[in-house]
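Report on one structure; see the data block that follows.
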Amino acid sequence: MPIEVKNLTYSYNIGLPTETKALDGVSFEAVPGEIISIVGETGSGKSTLAQHLNGLLFAQDGYVRVDGMEVLNGDPKLAEIRRKVGVVFQYPEQQLFSETVEKEISFGPSNWGIAGAELKQRVLVSMDMMGLPRSLLERSPFTLSGGQKRRVAIASVLASDPEYIVLDEPTAGLDRGGLNELITILLSQVKVGKCVIHVTHDLELAMAISTKILVLHGGRSISFGTPSETAEYLCGDTEAMPLLPDVLKLSKDLRNTNVTDGLAWKPRELAAMLIGGR
């Protein structure tokens, strides 16, 4: 079953002069085995939406359902929803708190009743996935490098084995090597049937790795579809033009002048179109 978001609306500071509508009727669906990217400019509501997916925030109108369970404040099913939906926040290394790497990574699964040999195995497997040497088990996470801290924080979510993994700007501050490694990890989770929901401002990255893309603008969902459908929509929507990556902008201009008859968002694909004549 999917995560279903329907007509989700949320405002901050209701009733105050500073009242701000962060989400305005947002709808989309995330199915296991997919990677869904949520893109939009700063202030478009991306992080607010992410916090609704496991009950850190609650809908003021509309709803969020996880495998048929509605995300409601105080509902007994909320714990099960949070077990199913793991969230990794932007700069997650700033949220570390345990004495050792092992305790940090085991905190989540131990809260869900995992103990003994199974708990140890989950810690080791998640460390291996994140490329963390086992020699770090007894180290304080606060003594690690910035990159290692981020890996520990993500491993702590993976160790709980959630069915849905929500990552809020996980690539912020990563170099090219770290970015490629993280993408490989996310795609490996999709291959084993998990759903990855990837919040990013980087439309080029989203189009390269996603099954579907949700585009937010001013708190509204203006597009939800495959990368091809997203490209077609954004190239025809003047409000969304600032989001277009350079290659897609060029491809749009070439199609508009009849140099090509399609759209491409990867340099090699655009080059192939030009070499092929169309």
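For the chain, take every pair of Cα atoms, bin their distances at 10 Å starting from 0, and report each bin as a whole percent.
7, 27, 32, 22, 10, 3, 0
Percent of Cα-Cα pairs per 5 Å bin, from 0 to the last occupied bin, for the range 1-93, please list those.
The distribution over the range 1-93 is 3, 12, 24, 25, 20, 11, 4, 1, 0, given as percents.
Which links in LYS21/LYS191; LYS46/LYS249; LYS46/LYS77 stretch past 30 Å when you go from one Cα to the other?
LYS21/LYS191
Taking the radius of gyration and the Kirkwood hydrodynamic radius from Cα positions alone, what is the Rg/Rh ratio for the range 58-161, to two decimal places?
1.04
Less than 12 Å apart at the alpha-carbon level, and either on another chain or at least 8 residues along: which aspartates and glutamates does that give for LYS212?
List returned: GLU29, GLU34, GLU229.
Over the chain, what percent of the accessible surface lies on carbon and sulfur atoms, probe 1.4 Å?
Using a 1.4 Å probe with all protein chains present, the chain comes out at 52 percent carbon and sulfur.
Put +1 on the Cβ of every Lys and Arg and -1 on every Asp and Glu Cβ in the range 130-243; which of MET207, ILE222, THR171 then has its Cα farthest towards the positive end of the dipole?
After comparing all options, I get THR171.
Starting from the Cα coordinates of the range 171-240, work out the convex hull volume and express it per residue in Å³.
98
Hey, what's the Kirkwood Rh for the range 156-278 if you take every pair of different alpha carbons, in angstrom?
15.9
Using alpha-carbon pairs under 8 Å, 6+ residues apart, how would you state the relative contact order of the chain in percent?
Worked out over the chain, it gives 23 percent.
Å³ per residue of the Cα convex hull, for the range 69-122?
112
What's log10 of I(q)/I(0) for the range 107-172 at q = 0.12 Å⁻¹, Debye sum over Cα points only, no solvent?
-0.30
Relative to the first principal axis of the alpha-carbon coordinates of the chain, what is the inclination of helix 267-276, with its axis defined by its Cα atoms, in degrees from 0 to 90 and to the nearest 10?
So the helix axis and the longest Cα principal axis differ by about 30 degrees.
If you scale each eigenvalue of the Cα gyration tensor by 5 and take the root, what three semi-axes come out for the range 170-210, rounded to whole angstrom and sorted largest first?
17, 12, 8
The values are calculated or read from the model by the stated rules, or taken from the named source; none is laboratory data. Since this is a predicted model, take the numbers as computed values, not measurements. Using ideal geometry, Cβ is built from the backbone for each residue, glycine included, and neighbour counts are taken over all protein chains shown. Areas reflect the complete protein model, heavy atoms only, side chains present, ligands, DNA and RNA absent. Shrake-Rupley method; radii C 1.70, N 1.55, O 1.52, S 1.80 Å.
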